[in-house]
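**Q** Take a look at this one; I'll ask things after.
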Amino acid sequence: MNNEQEELTPYVNSEGEGRAQGMFGTARRATAFYRNQMTNELNDKMQSFIARQEMVFLSTANAHGECDCSYRAGTAGFVKVLNAKMLAYPEYRGNGVMASVGNILENPKIGLLFIDFLQSTVGLHVNGQARVMTNEEVVAMPEIPQALVDASHMKGGQHPECWVMVEVDEAYIHCSKHVPLMKKVEKELHWGTDDEWHKGGDFFQVQSNQSDAISSEE
């Protein structure tokens, strides 16, 4: 550990972040990153990047700070960029838990990570404030893009349960150095299915193990 106490940068996101930079002697390096790579809105390159992506990782936390990390996927551009400060993505029923939406109802802070595994291997972080909107509220928004209206309607037997609107606080690059380059292979996708086989079923055998435990107790 480097105990050199570098001067804390005014760009630091949190007290803890600043303390860590001081402890490990990275404040100067961090300051350069803040100044050169962080922005409080999505520039044209970032907007185009998001429009090409078919997946995103997202993080939320409830009112107690208990975190949840999840994954969303769709056709390219399923995350809609409304303008430089706002984007939206649909929430479907899934397993019915609605963990991410539930967290947002308690705590609007959200982090999104887009990674281009197929071409550049570059990632894009987008952090901001989220709010949940119904399909009806989305369609009633003034100057709503037609693509968002279309996406709110029934598709593949389902329509979004709701939408998450994200007001951008900050956006910045994720280094491509250790991101693997992947190749997309054909896989039949079953959008909206409730078929356990297509969903992966009890892959980790949690249900099976619990059933065995109950049987042994009887």
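**Q** Filter segment 148-189 down to residues that are assigned to a loop (DSSP other than H, G, I, E, B) and either under 30 Å from V132 (Cα atoms) or touching a residue at least 12 places away in the same chain (Cβ under 8 Å) (or both), then give me how many there are.
**A** Within segment 148-189, residues that are assigned to a loop (DSSP other than H, G, I, E, B) and either under 30 Å from V132 (Cα atoms) or touching a residue at least 12 places away in the same chain (Cβ under 8 Å) (or both) number 17.
**Q** Provide a single number: the residues in segment 98-139 that are in contact (Cβ under 8 Å) with a residue 40 or more places away in the chain, more than 16 Å from E167 (Cβ to Cβ) and surrounded by 14 or more Cβ atoms within 10 Å (Cβ to Cβ).
**A** Residues flagged as in contact (Cβ under 8 Å) with a residue 40 or more places away in the chain, more than 16 Å from E167 (Cβ to Cβ) and surrounded by 14 or more Cβ atoms within 10 Å (Cβ to Cβ) within segment 98-139 amount to 14.
**Q** Looking only at segment 83-97, filter to residues that are crowded, with 17+ Cβ neighbours inside 10 Å and of a type in the set (A, V, I, L, M, F, W, C); which one of those is nearest to Q158 (Cα to Cα)?
**A** That would be A88.
**Q** Within segment 74-84, is there a residue that is out of contact with any Leu (no Cβ under 9 Å at 6 or more places or on another chain), under 21 Å from P108 (Cβ atoms) and among the hydrophobic types (A, V, I, L, M, F, W, C)?
**A** Initially, segment 74-84 is screened for residues out of contact with any Leu (no Cβ under 9 Å at 6 or more places or on another chain), giving 74-78.
With under 21 Å from P108 (Cβ atoms) added as a condition, the list becomes none.
No, because not a single residue in segment 74-84 is out of contact with any Leu (no Cβ under 9 Å at 6 or more places or on another chain), under 21 Å from P108 (Cβ atoms) and among the hydrophobic types (A, V, I, L, M, F, W, C).
**Q** Still on this model: Among the residues of segment 59-71, is any in a helix (DSSP H, G or I), farther than 13 Å from W163 by Cβ and modelled with pLDDT of 95 or more?
**A** Start the filter on segment 59-71 by keeping residues that are in a helix (DSSP H, G or I), which leaves none.
No, segment 59-71 has no match at all.
**Q** If you check L148 against the conditions, is it in contact with a strand residue (DSSP E or B) (Cβ under 9 Å, 6 or more places away or on another chain) and either within 29 Å of R35 (Cα to Cα) or modelled with pLDDT of 95 or more (or both)?
**A** No.
The values are calculated or read from the model by the stated rules, or taken from the named source; none is laboratory data. Since the model is a prediction, treat every value here as computed from it, not as a measurement. Cβ: placed from backbone, ideal geometry, glycine included. Neighbour counts: every protein chain shown.
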